[in-house]
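Presented below is the structure to which this report refers.
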Amino acid sequence: MDSESTVKIVIFFKRKRGMSVEGFQRHWRTNHASIVVKLPGLKRYKQSHVLASAYRDGEPLYDAVAESYFESTQAMRELARTPAYAAVLADEPNFIDGPTMKSIITDEIVLKDAPLSEGAVKSIDFLRRKEGMSVDQFQEYWRETHGPMRRASSAMRRYVQSHTRRTGYNDGRTPAYDGVSMAWFDSADALQAAAAAPASAAIEADLNNFVTCDRTPSLLTTELIILA
């Protein structure tokens, strides 16, 4: 993990209706980012913006993925009473389609962490576990069996698994996803070349052992590290 003492909330959403992609991304990375970084207890903050090329064939499921890191879930809960958090909420309707916004609280596991080139792209996959598989079985298989297969890809520069915390299932709740997979490549062409490599077929086939593949949305993005 990046740090055993941190917790990461992954938030994903669509832009406000009628707003251009360019206007949405500009507001998020400037106006909204300047408000978010003032949150007390925020340790790190990243934005992943969907590539313009992803809109050529229609609208992606989400326009954006945010990752915010805190010391603990208690630190996150304490935000609710702060003026800084109220300011974040007040700005959201200016660029976000509220009903589309979802989030999961996760533990991050970094399985590969090589240096990234300028212009690197980040592939994000939202995972739901295979029917009949327990949360523990899903997380163990993803981490111990599938993870090493993905990590072996020479074209992949960085690979991170974000496992939904067990508290997300308390009281019979069903989180939006059981986890989020994030992989970085030098370019979109490098990602496509990796997908065409012979080893990729085995990796894709293995997904069927623990993931409901027809309910696994994917995004191709570029990452902005707002607060390191």
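Given charges of +1 on the Cβ of Lys and Arg and -1 on the Cβ of Asp and Glu, with all other atoms neutral, how large is the dipole of the chain about its Cα centre, in debye to the nearest 20?
Computed about the Cα centre, the dipole is about 480 debye.
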- prompt: Mean separation of Cα pairs under 8 Å and 6+ residues apart, divided by the residue count of region 8-77: what relative contact order is that in percent?
  reply: 48
query: In the chain, what is the volume of the convex hull around the alpha carbon atoms, normalised per residue and reported in Å³?
result: 131
field: Cα-only Debye scattering, region 115-183: base-10 log of I(q)/I(0) at q = 0.18, 0.26, 0.29 Å⁻¹
entry: -0.74, -1.22, -1.41
task: Would you work out the relative contact order for the chain, in percent, from Cα pairs under 8 angstrom that are 6 or more residues apart?
output: 30
query: For region 1-138, with every protein chain kept in place, what is the accessible area per residue (1.4 Å probe, Å²)?
result: 50
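Suppose every K and R has +1 on its Cβ and every D and E has -1 on its Cβ; what is the size of the dipole of region 81-140 about the Cα centre, in Debye to the nearest 20?
For region 81-140, the charge dipole is close to 120 debye.
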statement: Once the dipole of the chain is set up from charges on Cβ (+1 Lys and Arg, -1 Asp and Glu), the residue from the list Val21, Gln192, Thr145 lying farthest towards its positive end is Val21
- request: For the chain, with all protein chains present and a 1.4 Å probe, just round the carbon and sulfur fraction of the accessible area to a whole percent.
  value: 50
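Out of the GluC sites (Glu not before Pro) in region 10-114, which ones are loop residues according to DSSP with at most 15 other C-beta atoms within 10 Å?
Here the sparse-neighbourhood loop sites are Glu71.
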message: What does the C-alpha gyration tensor say about the overall shape of region 166-228? Classify as rounded when a/c is under 1.5, otherwise prolate if a/b is larger than b/c, or oblate.
response: oblate
field: Relative contact order (%) - region 102-201, alpha-carbon pairs under 8 angstrom, separation at least six
entry: 43
query: Rg(Cα) of region 1-128 divided by 2.2 N^0.38 Å?
result: 1.10
Anisotropy class of region 16-65 from Cα gyration tensor, a/c 1.5 cut: prolate
Positive-end residue, the chain charge dipole about Cα centroid, Cβ charges, pick of Leu39, Asn209, Ala120: Leu39
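The values are calculated or read from the model by the stated rules, or taken from the named source; none is laboratory data. On a predicted model such as this, the values are computed, not experimentally measured, just so you know. Ideal geometry is used to build each Cβ from the backbone, glycine not excepted, and the neighbour counts take in all protein chains shown. Surface accessibility is based on the protein's heavy atoms, side chains included, excluding ligands, DNA and RNA. Shrake-Rupley method; radii C 1.70, N 1.55, O 1.52, S 1.80 Å.
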